[in-house]
Amino acid sequence: MRENVFVPKPTYEELADLVVALRAHIVAQDARIAELDARIADLERQVASTSRNSSKPPSSDGLGKPNPKSLRGKSGRKPGGQAGHGGKTLAQVADPDEVIRHDPARCRGCGAGLARAPEVALARRQVFDLPPIAIRVSEHELVSRRCGCGVTTTADAPTGVNAPVQYGARIKAVMVYLYMGQYLSKHRTAVAMSELFGTPVSDGTVSAATARAAGDLDGFCAAVSKKIAGADVAHFDETGFRADGKLHWLHSASTTMFTMITCHRRRGREAMNAAGILPTFTGIAVHDAWALSVVT
């Protein structure tokens, strides 16, 4: 059987104190809510701030930049190729790789055989196609010979032939072209190479070939940087983009003949010095007029 528990009623003074405490708590909560509302509004304003509604430069927009709007007006011309414009199309060549003759066997009029009939005309039709694609394997045999003095000498392998099995320069060039030139993903490049040429290519192989090609361009990049640094006029700019999930900056330096693009995690002086062009540049630098740190 449940026992009755006696709970004394609060006094008037206790109720008054409780009301005062609750009111103080409500006032404190209201103040905290107002503070948080102001903080949220400030953060939303910062997130919504772009080069279009503030003094921030366009490069600070990162990947949130709007699609560019063309300033070109209507020309009044019809779309497509214009009259007098030289288009690009296939044209017959004078020396085809293969000539296949097709002779009519019988006359379409009377049905007589045409083996000894005189030839009166010839029409030429050419088909441009790829030859059958197959991997060509070259084997390098490194012969060892023993001299009469007892020393065995092995022939040196050609330059670049460093492993029992490896890919050649041409197939690696195609990997780099598809990956860096046509912007296929690393995996899709590997799949395309495997399916087109019938030989296994992994994502790692594509990555290694690209890294090797980049290293081989060191001399060329140094020569281009030197040309731009010595120019009378050069254009410099930068734009934000994502790399490894973080905001980085693409820095460009260009003349009418040369362009050097470098990637850096910074936008200002540190990145400009790392590119190695502005520190030695003494000509006229052209920029989009947004404030940047001056390199001295």
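The values are calculated or read from the model by the stated rules, or taken from the named source; none is laboratory data. None of the values given here were measured: they were computed from a predicted structure. Here Cβ is always computed from backbone atoms with ideal geometry, including for glycine, and neighbour counts include all displayed protein chains.
Pairs linking a residue in the stretch 117-136 that is of a type in the set (D, E, K, R) to a residue that is surrounded by 10 or more Cβ atoms within 10 Å (Cβ to Cβ), with Cβ atoms under 9 Å and 6 or more positions apart or on different chains, are R124/P96; R136/G168. Filtering the stretch 255-274 to residues that are under 19 Å from F220 (Cβ atoms), crowded, with 16+ Cβ neighbours inside 10 Å and within 19 Å of the chain's Cα centre (by Cα) leaves M260, T262.
Elements of the type strands (runs of 3 or more DSSP E) sitting completely within the stretch 238-292 and holding at least 2 residues that are modelled with pLDDT of 90 or more and touching a helix residue (DSSP H, G or I) at 6+ places or on another chain (Cβ under 7 Å): these cover 246-254, 259-264. Would you confirm, using the coordinates I've provided, whether T189 is of a type in the set (S, T, Y), touching a Lys or Arg at 6+ places or on another chain (Cβ under 9 Å) and crowded, with 18+ Cβ neighbours inside 10 Å? Answer is no for this residue. Residues of the stretch 193-220 that are closer than 30 Å to S252 by Cβ and either of a type outside the set (A, V, I, L, M, F, W, C) or surrounded by 14 or more Cβ atoms within 10 Å (Cβ to Cβ) (or both): D203, V206, S207, A208, A209, T210, R212, A213, G215, D216, D218, G219.
Take the conditions in contact with a Gly (Cβ under 8 Å, 6 or more places away or on another chain) and in a loop (DSSP other than H, G, I, E, B) and apply them to A123. Does it pass? Steps first, please.
On the way: in contact with a Gly (Cβ under 8 Å, 6 or more places away or on another chain): no; in a loop (DSSP other than H, G, I, E, B): yes.
Answer is no for this residue.
Among the residues making up the stretch 49-65, those that are of a type outside the set (K, R), at pLDDT 65 or above and surrounded by 10 or more Cβ atoms within 10 Å (Cβ to Cβ) are S49, T50, S51, S54, P57, P58, S60, D61.
When G245, G204, G240 are checked against the criterion of being in contact (Cβ under 8 Å) with a residue 40 or more places away in the chain and over 26 Å from M257 (Cβ atoms), G240 stands alone in meeting it. Out of V165, V161, I need the residue that is surrounded by 10 or more Cβ atoms within 10 Å (Cβ to Cβ), modelled with pLDDT under 95 and not polar (S, T, N, Q). Which one? Exactly one residue qualifies, and that residue is V161.
Every residue in the stretch 147-172 that is touching a residue at least 40 places away in the same chain (Cβ under 8 Å) and assigned to a helix (DSSP H, G or I), please.
Step one: of the stretch 147-172, the residues touching a residue at least 40 places away in the same chain (Cβ under 8 Å) are 167, 172.
Matches in the stretch 147-172: K172 only.
Considering every residue within the stretch 223-235, establish whether at least one is part of a strand (DSSP E or B), at pLDDT 90 or above, loosely packed, with under 14 Cβ neighbours inside 10 Å and not assigned by TED's automatic domain parsing to the domain that holds Y179.
Yes.
Within the stretch 22-33, residues that are at positive phi reach no partner that is among the aromatic types (F, W, Y) and surrounded by 10 or more Cβ atoms within 10 Å (Cβ to Cβ) with beta carbons closer than 9 Å at six or more positions or on different chains.
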